[in-house]
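Report on one structure; see the data block that follows.
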Amino acid sequence: MCLQIERRMETVRLVSHNTLKRLGTCLQGPIGTDAEKRHKKLPLTTLSQAMQDGGSQLGEESLIGKMMDMCGEAEGRLASELRQHEVQLERDILEPLNQLAEVDIPNILKQRKQLAKLVLDYDSARARWLQAAKSIHSSTNYQATVTKVDTLKDEMDEALNKVEMCKDQLSADMYNFSSKEGDYARYYVLLVEAQADYHRKSLAALEGVLPTIKAQQDSWMEKPAYGTTLEEHLKRSNREIALPLEACVMMLLETGMKEEGLFRIAAGASKLKKLKAALDCSTSQLEEFYSDPHAVAGALKSYLRELPEPLMTFALYDEWTKASNLSDPDKRLQALWMTCDSMPKNHKANFRYLVKFLAKLAQDSEVNKMTPSNIAIVLGPNLLWAKTEGTLAEMAAATSVHVVAIIEPIIQHADWFFPDGITPLFLTAQPPSRARSQPPFTDTDRAGVQSARGCLSPLCSCRPIHHGQRNTCWGARTTSAATILTPSELYDRTGVPNLRGGNPQGTDKSSRRGRKG
């Protein structure tokens, strides 16, 4: 059994030595130094200091500076936790394992070598004693030979005694090692427990500062509009209409309404990228883009396309599709109206704003060649797509036919879909005030409300303006001229975009009179 223990001890020494070597390389601080020196030498400490120094250089007016300072402080807390963790590892694990592998087991193995030497000494003493004992009868000096034999026997007995003592000591040490093997194995359990405790404390330290860091970042108003949900962008910018949408519409109203192939002809990639970046950082320096309406139209299309959720929403995709599949034109328009009216408030407001602009763009289709149908083809896939797997191009291709059938009639009858839609940048014809009851689905219900609010379809040639007045066709009425804000009116005196604007105080009288259809 001692032989088995001895072999296992040698293996334990080798594996413990290798483990110590690898564990030492895992420590980031220098081994054997005091806690303060170890802390200064940790890479996390130098990283923390570098981040905080960078934050000080950038200043609090920079979000990057604020984040570097706050995150650098968090890295400093991690460095403190790491220092305590490594000190504990060195004290509770490395030092005991080193004592076992480099002191205790080697001492036991040295005793084994010492025992082998004592055995050799004993064998030598015994051989000398036996030789002397054989020559005692042939010796001429009997007395001297007997004395020599006695002396050699004493030496042999002493050597044997040393062998027995060494053997007992070696056996005791081996049995002691075997009985403490559970204690030695505990060092590896302590290693994992210490690591778990370190990671828990590190996680707690990070979770303690992350809410503050995120709150600071979320409070920063200068965030990109592209790729951000409509609700988030409107909330943090305190707007009703998305900045890229309103800015692009304003520029196109001034210089792009007569441009042939608007939204169809691609703009230069560098100019488009520059305009998107300018809109993302809310810069007021947009004058150079007025001369490139195709870049402006491309920026507007990109904004709609990069919305995480389409402007016409995922939730209403099936309703839009079902409405467009109705064969009866009148019922199809009613179904589209119902779906449009059920859009979320922010989506509906921005969709109304866009549709009003597109309807005005279509008025110049003889010049710009952008009829409602053409507009629906090039812009529709950016307004609605299915919430399915695949690329945006694949999703757009799959829904383009339905979207064209949805967008085209909405643009054609924009004033019927949005009768109260007076936009901040341009005025469209407004119908007289009327009840906002929902369009009915059945012919009976439709007939019941038709006398009170007029025909529900823009395809009809008549619509009552007030009770007691004769019907006047609303679908054929003219629209007023656009009221366009100048570039100087777009920005306030501080240079911050002022695209929300206010509702105009009046409308063109000609729009209220309408024309006979």
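The values are calculated or read from the model by the stated rules, or taken from the named source; none is laboratory data. Every value quoted in this text rests on a predicted model; they were computed, and no experiment measured them. Note that we place each Cβ from the backbone using ideal geometry, even for glycine, and neighbour counts take in every protein chain shown. Side chains included, ligands, DNA and RNA excluded: accessible areas come from the protein's heavy atoms. Shrake-Rupley method; radii C 1.70, N 1.55, O 1.52, S 1.80 Å.
The table below gives the values:
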| read-out | value |
| --- | --- |
| Positions within segment 1-37 being over 30 Å from Ala79 (Cα atoms) and either under 36 Å from the mean Cα position of the chain (by Cα) or of a type outside the set (A, V, I, L, M) (or both), in sequence order | Cys2, Gln4, Glu6, Arg7, Arg8, Glu10, Thr11, Arg13 |
| Yes/no for Glu36 being farther than 22 Å from Gln195 by Cα and acidic (Asp, Glu) | no |
| All positions within segment 68-79 that are open to solvent by less than 40 Å² (accessible area, probe 1.4 Å) and not hydrophobic (A, V, I, L, M, F, W, C) | Gly72, Gly76 |
| Check on Leu20, part of a helix (DSSP H, G or I) and touching a residue at least 60 places away in the same chain (Cβ under 8 Å) | yes |
| Residue selected from segment 296-348 under the condition among the hydroxyl-bearing types (Ser, Thr, Tyr) and in a helix (DSSP H, G or I), by the criterion most open to solvent (accessible area, probe 1.4 Å) | Tyr317 |
| Any hit, segment 165-175, residues being within 30 Å of Ala125 (Cβ to Cβ), part of a helix (DSSP H, G or I), out of contact with any Leu (no Cβ under 7 Å at 6 or more places or on another chain) and at pLDDT 90 or above | yes |
| Residue count for segment 210-245, restricted to those that are within 29 Å of Glu75 (Cα to Cα) and not in a helix (DSSP H, G or I) | 6 |
| Residue within segment 151-159 that is surrounded by 12 or more Cβ atoms within 10 Å (Cβ to Cβ), over 22 Å from Leu3 (Cβ atoms) and basic (Lys, Arg) present | yes |
| Selection from segment 246-271 of residues that are part of a helix (DSSP H, G or I), open to solvent by 20 Å² or more (accessible area, probe 1.4 Å) and of a type in the set (D, E, K, R) | Glu254, Lys271 |
| Test: residue in segment 349-365 that is at pLDDT 95 or above, part of a helix (DSSP H, G or I), over 18 Å from Ala414 (Cβ atoms) and not aromatic (Phe, Trp, Tyr) | no |
| Which listed residue, of Ala116, Ala133, is of a type in the set (A, V, I, L, M, F, W, C) and loosely packed, with under 13 Cβ neighbours inside 10 Å | Ala116 |
| Among (1) farther than 30 Å from Glu207 by Cβ; (2) surrounded by 13 or more Cβ atoms within 10 Å (Cβ to Cβ), the one test that Gln143 misses | (2) |
